[in-house]
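Right, one structure below, let's go through it.
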Ligand SMILES: Nc1nc2c(c(=O)[nH]1)N[C@H]1C(S)=C(S)[C@@H](COP(=O)(O)O)O[C@H]1N2
Ligand SMILES: [Mo]
């Protein structure tokens, strides 16, 4: 009797289990010297993470990630080509470092992302502080190829690795009174020179309505192109909400809080007439200073039409039934 019939065929990304990707991730980390073979076995058996014994030397600092970028697909579900790893990692908005898109990679190169914890609390029955390792052990990583559409009218197609935000929210058990989710980026002006600028009300903050946050397309990303997330793209963990303008996808998160009131968010606080709380991609609603009808796909010549909800209309339109999307921009 034949076994492993599927072995000769490539496994579609939809069938790669979170666990196998999780183990791949551990392989990356092992290759980088972050985890030992011993802790790999422990994590694989019990989903536990190891704490170094008192007096043991600190884990080596990662200075270089030498694994090659890889993705299981070459296009998104619409047939649009993936943006190159080089473009994704050298054209960034991460104002905590600099407002110069081409300068983020260099300035964030030594950003320390281990150890890292996320505090999840507010209106929940099970508040908890997680390490990124806890989250990887619990939720694993899946590949999700998503379009990213910046409010500045450029876009990319990015093969993220991560897990659904809903999984984490379910685990902390939102109270019935919770209606919104608030997110906060790390505040660390020693490492983030842009935070010394008094022009922005740091830390960077964002928010979603709870039902938006529970939507299966909303993920917490921990990797990209099969590699751990590089600092410039929001390491070690960032939100990705593909049907909204890119600024909603907050990077390097340290805090998540459930609330019953719409949270204040950074861009909305700075200019509420330009950056709404919802900020769903909408070609029919112009930014006060430019049209949102078309966009420049990084790596492509010319412009392409912007799609309603960034092409995820079928999946997410029902979240906004009965809402005036011009008023609730
Ligand atoms: N903390 C933080 N998150 C952030 C930003 C930022 O400046 N700081 N920029 C946002 C904007 S405007 C965009 S378009 C995306 C860009 O993500 P990328 O650099 O990984 O493509 O991150 C978003 N998340
Ligand atoms: Mo953006």
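The values are calculated or read from the model by the stated rules, or taken from the named source; none is laboratory data. A quick note: this is a predicted structure, and the numbers were derived from the prediction, not measured. Every residue, glycine among them, receives a Cβ derived from its backbone with ideal geometry; neighbour counts consider all protein chains shown.
Worth a mention:
- Hits in segment 229-241 (condition: out of contact with any helix residue (DSSP H, G or I) (no Cβ under 6 Å at 6 or more places or on another chain) and at negative phi): 229, 233, 235, 238, 239, 240
- Taking segment 117-190 and the strands (runs of 3 or more DSSP E) fully enclosed by it, no element has 2 or more residues that are at positive phi and either surrounded by 20 or more Cβ atoms within 10 Å (Cβ to Cβ) or within 16 Å of ligand 1 (Cβ to nearest atom) (or both).
- Residue in segment 250-269 that is away from ligand 1 (no atom under 12 Å from the Cβ), in contact (Cβ under 8 Å) with a residue 24 or more places away in the chain, touching a strand residue (DSSP E or B) at 6+ places or on another chain (Cβ under 9 Å) and on the phi > 0 side of the Ramachandran plot present: no
- Criterion: within 16 Å of the chain's Cα centre (by Cα) and at pLDDT 95 or above - qualifying residue of 151, 132: 132
- Against the test of being within 16 Å of ligand 2 (Cβ to nearest atom) and in contact (Cβ under 8 Å) with a residue 24 or more places away in the chain, the options 161, 156, 175 yield a single qualifying residue, 156.
- Within segment 314-328, tally of residues that are in contact (Cβ under 8 Å) with a residue 12 or more places away in the chain and either in contact with a strand residue (DSSP E or B) (Cβ under 6 Å, 6 or more places away or on another chain) or in a helix (DSSP H, G or I) (or both): 4
- The residue that is nearest to residue 85 (Cα to Cα), among those in segment 301-317 that are loosely packed, with under 13 Cβ neighbours inside 10 Å and more than 23 Å from the chain's Cα centre (by Cα), is 301.
- Considering segment 225-310, the qualifying strands (runs of 3 or more DSSP E), each wholly inside and each with 2 or more residues that are within 16 Å of ligand 2 (Cβ to nearest atom), run over 238-240, 294-297.
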